[in-house]
Amino acid sequence: MKKNKIIIIGGVAGGASTATRLRRMDEFAEIIMLERGEYISFANCGMPYYIGDVITSRDALLVQSVEDMHKNFNIDVRNFSEALKIDKDKKVLTIKDLKTDKSYEETYDFLVISTGAYPVKPPIAGINEAKTLFTLRNIPDMDIIKNYINTQKPKRATVIGAGFIGIEMAENLHHLGMNVAIVEMADQVMAPIDYEMAQIVHQHIIDKGVNLILSDGVKEFRNEGKEILLSSGKTLNTDLIIFAIGVRPENMLAKEAGLKLGSRGGIWVDEYLKTTDDSIYAIGDAIEVTDFITKTETMIPLAGPANKQGRIVADNICGRKEKYNGSMGTSVAKVFDYTVGATGNNEKILKSKKLNYKVIHIHPGSHAGYYPGASTISMKLIFDNNTHAILGAQAVGMEGVDKRIDVIATAIRAGMKVTELKDLELSYAPPFSSAKDPVNMLGFVAENMINGLVKTVQYNEINELIKNGAFVIDARDSLENSFATIPGTYNIPFSEIRERLNEIPKTQKIYVFCQSGIRAYNTVRILRQNGFDAYNLDGAFKTYQSVYNPTQISFQEELDDSGKLVFESKETVKEMEIPGTPTLVVDASGLQCPGPIVKTFKSLESLNFGEVLEISATDPGFKKDVKTWVEKTQNTLIDLKEENNRFTARILKGQRTQTKSKPESGVSKEDSTIVVFSEDLDKAIAAFIIAQGAASMGKKVSLFFTFWGLNILRKPKKVKVKKSFIEKMFGSMMPRGTKKLPISKMNMMGMGPKMIKSIMKKKNVDSLEEMIKSAMDLGVKITACAMSMDIMGIKKEELIDGVEIAGVATYLGDTTTSNHNLFI
Ligand SMILES: Cc1cc2nc3c(=O)[nH]c(=O)nc-3n(C[C@H](O)[C@H](O)[C@H](O)COP(=O)(O)OP(=O)(O)OC[C@H]3O[C@@H](n4cnc5c(N)ncnc54)[C@H](O)[C@@H]3O)c2cc1C
């Protein structure tokens, strides 16, 4: 029997898989594997970690050597050998021996192209002169980068492109102690996930101290790559650049041989991975595959598909008829302490294909909350609104992300409907999951939505709804609500909803949210059964907050019955030894934001001044929040440790002052607060002159506008808002904005203000409008009193941009760090 002669071009993921499977299927075939480089079958996925010293053995990346592959599999491995030309009619391949520079021809019965993809390097000005710039595709690239780092000792690194390779490189360079910047043209990192999911990752990257620059691209590399000019005009100084903006299929051989290419430039293959030539197969990053979900052509440059395709092609060459059923793009990546996973299509793709889909966001725990170390997984699931097929899923969290994404990927592959996720019997014990696994939870939510038990709106719809007068209930406790909430919403804690139904209008739709969705769902069920048309904010405050307020929780002080600030501890603890052992140890692991802060607050309440609380949490937001909270509440953060994704804070109740007069942290009474009660132009000008002066001296300045003072902040043009008759009357009688303000003396029917303005102009003094703007630019906080607005019928839409609306408590909070308080 004639021996099959098979030549494989490319000796790494797809190529090496094909070769070894072929040998296992056909002991007698002649198998030649060509590789242009020195190394075959290396672990390219491990390279960023070797550069970052996480993988310390270079040899560990070299999975198979040329010799071993030959010895163990009897494969004729020819490294340093480049395939130059395919003559498909004659079935002849021209090969160049790169060591001798000599070319020769080799016939074949079957040819397998697994040439991979190369890093895109567009002709940006200065790119070829940039001596600091590197791309990463193979072992020699890795060695060059590693050698550069070892010899040049770069301190600042810039990663261009925030795909998987870029992000992994950023993390590893950061691990080496470099100051890292990431520049990404899109408004988000990691294209397989959607924006709101990426926002969680953005915050984490920023928290790690990486300079994340989104929606900006490179315009020019200057000074041999030491300086990067961005499209925004920003410049970055850098010692090392990793250029990772994406890859393109290595298709030249196929193209020149006249094989069909797909619309994206990848080699076209049929379901058996055969090209338009019967004897030539192609696999891996070089081909276009069918998207398993939409059945359209796509490119998915990942190792899993390349390896599996290699096996299928080997089988088909050996006479089997194996189909490749398409790729789903299931992927996972480590981003510092987070895992980011995705499978199937994301919303961006589905939107562009105009599919009718529904979205679910949930934030379950990675395992039972009562077992130590639980953390939140933020999950997104998308399903077909008509067929209920699962179209895609995304997850971000510290633990258990890969498991959930893999279960959903399996469900998609098995053609399961979204509701069937609830039936999956998944392994459970407290350290690993919950009796209702997050994947089951997705099934429950989907079923509730499909059955009409709950209707949802999305995080990106709620602001518009509020603007148009929607009634939105924050179903969290008032303490949580006071930390941060969606502006324009109404706080009715879930526990009070039954008693407070009379506060809710029956004539309009009601929207409800809580922190992670459970309390809002329960509230919605109560409301619906009481005849309200109630909707749940999908993904709850957690998803909303990740998009609209990703960086901070604003702590608003509250007044207790006696008018004292609840969070403010008036007493200070004199310089003293910090107790070695904490008085109270609290485990807030598994609680989601602001749960750990609420627990901190409640725990500290039970302590005496000078006692120490030790509190641990797994919520990543806790790290930042606890610092802010402790500072705001004038307690003392002794230390904050991070170990295995667990944050432990030791907090001394009260403020620890030094023996000398200056406090160690917290209240330095240097700031400035001004209450603006009057609407007179001259007084307003005086207030802003003082404010600007104080701000430019580095003080924090807070202007609190109340009663007539609110008129200074009104927009000059009439704004359409719903008002009662009295409110309309009142509004029309009061001056609308800076242009209409009277002066306190010699107003003379409006002549006075005109004279003042013209004198100010002549003397080159800024107008009041300019003063307000520059005060805001200087960081002066401008707050409108919520209570006076209500009394005077002024709506928030009528106020100029940049004004905060808050209660007297916020103002009182500001006065605690102020050394004077003016009343104008
Ligand atoms: C830094 C990095 C990290 C990655 N991390 C992951 C990850 O975590 N998970 C994941 O799923 N994927 C990851 N990938 C992608 C994954 O490595 C690829 O999808 C996979 O290797 C593709 O296999 P392939 O056989 O198509 O191409 P490759 O593995 O790239 O092999 C192609 C080979 O063909 C050779 N070649 C090309 N043209 C010729 C020619 N004319 N003659 C001879 N030889 C030729 C090339 O030299 C190359 O070695 C990563 C890739 C990189 C670069």
Quick test for you: out of G46, G11, pick the one residue that is closer than 18 Å to T115 by Cβ, out of contact with any His (no Cβ under 6 Å at 6 or more places or on another chain) and either more than 8 Å from the ligand (Cβ to nearest atom) or at pLDDT 95 or above (or both). G11
The listed residue being in contact with a Gly (Cβ under 6 Å, 6 or more places away or on another chain), under 24 Å from A83 (Cα atoms), at pLDDT 95 or above and surrounded by 18 or more Cβ atoms within 10 Å (Cβ to Cβ), out of I293, I287, I280: I287
What number of residues within region 25-43 satisfy the criterion of being in contact (Cβ under 8 Å) with a residue 60 or more places away in the chain and either near the ligand (Cβ under 9 Å from one of its atoms) or not aliphatic (A, V, I, L, M) (or both)? 7
If a residue counts only when it is surrounded by fewer than 18 Cβ atoms within 10 Å (Cβ to Cβ) and touching a His at 6+ places or on another chain (Cβ under 8 Å), which strands (runs of 3 or more DSSP E) contained entirely in region 60-143 have at least 1 such residues? 76-78
Considering only region 99-119, state which residues are within 9 Å of the ligand (Cβ to nearest atom) and farther than 18 Å from V269 by Cα. Y118, P119
If a residue must be within 31 Å of the chain's Cα centre (by Cα) and either farther than 20 Å from N44 by Cβ or surrounded by 18 or more Cβ atoms within 10 Å (Cβ to Cβ) (or both), how many such residues does region 236-262 contain? 12
Considering only residues that are more than 13 Å from V12 (Cβ to Cβ) and in contact with a helix residue (DSSP H, G or I) (Cβ under 9 Å, 6 or more places away or on another chain), which ones fall in region 122-140? G126, I127, E129, A130, K131, T132, L133, F134, T135, L136
Touching a strand residue (DSSP E or B) at 6+ places or on another chain (Cβ under 9 Å) and under 21 Å from V359 (Cβ atoms) - does that describe any residue in region 430-440? yes
Find all pairs meeting these conditions: Cβ atoms under 9 angstrom apart; at least six residues apart or on different chains; first residue within region 338-359 and closer than 9 Å to P192 by Cα; second residue aromatic (F, W, Y) and assigned to a strand (DSSP E or B). N345/Y357
Within region 172-228, how many residues turn out to be surrounded by fewer than 19 Cβ atoms within 10 Å (Cβ to Cβ) and aromatic (F, W, Y)? 1
Could you name every one of the helices (runs of 4 or more DSSP H) located completely within region 645-763 that has at least 3 residues being buried (at least 22 other Cβ atoms within 10 Å of the Cβ) and modelled with pLDDT of 80 or more? 681-696
Might you check whether a residue that is within 16 Å of the ligand (Cβ to nearest atom), hydroxyl-bearing (S, T, Y), in contact with a Pro (Cβ under 6 Å, 6 or more places away or on another chain) and touching a residue at least 40 places away in the same chain (Cβ under 8 Å) occurs anywhere in region 130-151? yes
Sort out which residues of region 620-648 are of a type in the set (D, E), over 21 Å from the mean Cα position of the chain (by Cα) and within 16 Å of V598 (Cα to Cα), and write them in order of number. E631
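The values are calculated or read from the model by the stated rules, or taken from the named source; none is laboratory data. Just so it is clear, the structure is predicted and the values come from calculations on it, not from any experiment. Using ideal geometry, Cβ is built from the backbone for each residue, glycine included, and neighbour counts are taken over all protein chains shown.
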